[in-house]
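Chemist: Got a structure here, written out as structure tokens. Questions coming.
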Amino acid sequence: MSQLGKGQGVAAIRREGVAERGRPPLDEAAMASVIVGVLGVIGGLASVVGLYLGIHSLQRIARSGGELRGERLAVAGIVVSVLSAFVWQLVLAALMYRVFGRALGLPPAHLLVPWV
């Protein structure tokens, strides 16, 4: 790796590293969006963070002009985050129905949905 002058920044270092390795580096936010999206299945609020990281990563990759990669990981993080948020909404709706359904005079949940 050659010595960089005083005025050169991170972008110059990144371009030089890309030339040496042959392919752009992976965007860390893309990988984080997948990991946090999967953790969102365990804790519901993590899915919102995973969704933000995935969208942010896609924007960074698009603006990088080919210097970053990880579009598929970012999209996978968005999909996993949305699915985990949907699962949590179903779980919360089922819990609220079970708790408040009796007070409101609604039929028991097992009569409406057999697997509840």
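The values are calculated or read from the model by the stated rules, or taken from the named source; none is laboratory data. Predicted model only: the values in this text are computed from it and were never measured. We place every Cβ from the backbone using ideal geometry, glycine too, and count neighbours over all the protein chains shown.
Chemist: If I go through segment 37-48 residue by residue, how many of them are among the hydrophobic types (A, V, I, L, M, F, W, C) and either under 10 Å from Ile78 (Cα atoms) or in contact with an Asp or Glu (Cβ under 6 Å, 6 or more places away or on another chain) (or both)?
Modeler: So in segment 37-48, the residues among the hydrophobic types (A, V, I, L, M, F, W, C) come out as 38-39, 41-42, 45-46, 48.
Then keep just the ones that are either under 10 Å from Ile78 (Cα atoms) or in contact with an Asp or Glu (Cβ under 6 Å, 6 or more places away or on another chain) (or both); that gives 48.
The total comes to 1.
Chemist: Listed residues Gly70, Gly105, Gly101, Gly66; which is without any contact (Cβ under 8 Å) to a residue 24 or more places away in the chain and at positive phi? Full working, then the answer.
Modeler: Values: Gly70 fails: without any contact (Cβ under 8 Å) to a residue 24 or more places away in the chain; Gly101 fails: at positive phi; Gly66 fails: without any contact (Cβ under 8 Å) to a residue 24 or more places away in the chain.
Checking each option against the conditions leaves just Gly105.
Chemist: So, of the residues in segment 26-43 that are out of contact with any helix residue (DSSP H, G or I) (no Cβ under 7 Å at 6 or more places or on another chain) and either aromatic (Phe, Trp, Tyr) or outside any helix (DSSP H, G or I) (or both), which turns out to be modelled with the lowest pLDDT? It would help to see each step written out before you state the result.
Modeler: Of the residues in segment 26-43, the ones out of contact with any helix residue (DSSP H, G or I) (no Cβ under 7 Å at 6 or more places or on another chain) are 26, 28, 35, 42-43.
Adding the requirement that they be either aromatic (Phe, Trp, Tyr) or outside any helix (DSSP H, G or I) (or both) leaves 26, 43.
Details: Leu26: 90, Gly43: 79.
Per the stated criteria, the residue is Gly43.
Chemist: So how many residues does segment 53-69 have that are crowded, with 18+ Cβ neighbours inside 10 Å and part of a helix (DSSP H, G or I)?
Modeler: Filtering segment 53-69 down to residues crowded, with 18+ Cβ neighbours inside 10 Å leaves 53-54, 57-58, 61, 68.
The next check asks that each one be part of a helix (DSSP H, G or I); those that pass are 53-54, 57-58, 61.
Residues that pass the stated criteria total 5.
Chemist: Which of the residues that make up segment 70-98 are within 13 Å of Ala29 (Cα to Cα) and surrounded by 16 or more Cβ atoms within 10 Å (Cβ to Cβ)? Quick ask: steps written out before the conclusion?
Modeler: Residues of segment 70-98 that are within 13 Å of Ala29 (Cα to Cα), as a first pass: 70-78.
Of everything in segment 70-98, those that are within 13 Å of Ala29 (Cα to Cα) and surrounded by 16 or more Cβ atoms within 10 Å (Cβ to Cβ) turn out to be Gly70, Leu73, Ala74, Val75, Ala76, Gly77, Ile78.
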